[in-house]
Amino acid sequence: MDDRATDLADGGGGLHVQVRPMASGDEAALRELLAVVAAELGSALGARMLRRPWFLLLLACGFAFLAASSHSLLLPLLVLALLLAVGRPALAHVWALYAHQDMSLGLGAPGATDFRFWVAEDTDGSVVGMVGLSGFGKSGDGELELRSLAVGQEHRGHGVGRALCQAVLAFACGYPGCQVVVLDTHMLHSSAQRLFSSLGFHPGPACLQPTLSGFLADLPVTRYHYALTGSNTEEHSPRDEE
């Protein structure tokens, strides 16, 4: 198991990043980074939900009811415009809170021995990316889960996400009993999915989350697998979106 820091230099963009295990003073910066990424995801999920058939049907029924009861089209049009103006930011905020809570799981929690995190920092010492690994508390299943991959907007496309994932895979290769690294992702993470495929992860069948949020957003989740005991070939690509 190798917990040493590794360096990544991007000659094209002049970006120099160090990937290292999370330290005690990193939590605030990581939560801030996750808040930005969660807000982006929340906005995308909110916009997707507004296009769902059940939501459009609900709006149509509400519009018809107001039009029939008020005998005017002005009131339902104003109400519809207000709902759209307020509803999308509200939905985005709710989804952002949900995403932030999920990605922050195990971060700074007392006694959370099931999680480990790595960070990427630039030459100024600023945290520009992070990734987590969970599943250490499970015995005998040989499976660890990559999670909470996040890279700041201005540092995407320079290989930071790739370096973080490689640090996790290098650690997992040396972890006793670990046979496979898994992760869950969905269609809104298309750039991350390309990255995972290029690293040697293999996707399983997509399935809808059996939760209320999964139904409301209609967002199928795909589980990717990286077999440490098998043959994973990496297709080196000069850039990735993370």
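Every number here is computed from the coordinates shown, using simple stated rules; none is lab data. Source: prediction; values computed, not measured.
Quarter the surface of the alpha carbon convex hull of segment 56-201 and you get the mean projected area, 13.3 square nanometres.
Gyration tensor over the Cα atoms of segment 113-154: the corresponding equivalent ellipsoid has semi-axes (square roots of 5 times the eigenvalues, largest first) of 27, 10, 6 Å. When Rg and the Kirkwood Rh are both derived from Cα coordinates, the Rg/Rh ratio for segment 95-175 amounts to 0.99. Karplus-derived 3J(HN,Hα) values for segment 174-179, using 6.51 cos²θ - 1.76 cosθ + 1.60 with θ = phi - 60°, are x, 7, x, x, 6, 10 Hz; glycine and proline are entered as x.
Between the amide H of Gly200 and those of Glu235, distances stay under 5 Å, these residues lying 5 or more places away or on another chain, with hydrogens modeled in the peptide plane.
Pairwise Cα distances in segment 145-216 exceed 17 Å in 51 percent of cases. In segment 57-120, inverting the average of 1/r over every pair of distinct C-alpha atoms gives 15.3 Å as the Kirkwood radius.
Across segment 33-86, how large is the tail of the calculated P(r) beyond 15 Å, expressed as a percent of all Cα pairs? The answer is 58 percent, as a whole percent. Each part gets one Cα centre, and for segment 17-71 versus segment 150-196 those centres are 23 Å apart.
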